Amino acid sequence: DGPAPVTSAIDVHRSQRPLFFEVFEWGWLNDPPIFDGVEAEVDDGVCGWGTDPVHWRDVRGPYGESILTWLWILRSQDKDEKLQRLYVALIESILHSEPKLAGVRLKIEPFVGQT
C-alpha cells in the first residue's frame, strides 16, 4: 500500500510525465469497486459474479467489452480536449500493461466480433 501516487513525476531528464495509469491502478487496487452482477472473465471461464472484488483487466460489460472499450467510448463522447488526452494516455498505458485486452471481442449482438 502506501500513499497514492500523484499525477505527474519528474524523470531523469527533469521533465514531467503523466502517471494516470499508476493513479488509476493504485485507486482500483486499494479501493476496488464492487460490481453487482458484473461478469469477470479469466482464461479458463467466468468468475467474479456478485460482490467479489474484480481486477480491472478481468471486468467485462454486458456485451463482453473490456475497460478499453469503455474508455474509448468516453474519449469519443467527451468534447474536453484535456479529458480526451487523459483517456488516450490511460488507454495506451493499459495496452502496455495488458496487451491481450486489445483482442477482447464483444460477444453480444449487434457488436459480436468487434474489438
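Some observations on this one:
- Listed peptides 78-85, 104-111 by packing density, highest first (mean Cβ within 10 Å): 104-111, 78-85
- Prolate/oblate/rounded label for segment 70-111 (Cα gyration tensor, a/c 1.5): oblate
- The order of Arg75, Arg60 by accessible area, most exposed first and with a 1.4 Å probe, is Arg75, Arg60.
The values are calculated or read from the model by the stated rules, or taken from the named source; none is laboratory data. Every value quoted in this text rests on a predicted model; they were computed, and no experiment measured them. Note that each Cβ is placed from the backbone with ideal geometry, even for glycine, and that neighbours are counted across all protein chains shown. Protein only, heavy atoms only, side chains kept; ligands, DNA and RNA dropped before computing areas. Shrake-Rupley method; radii C 1.70, N 1.55, O 1.52, S 1.80 Å.
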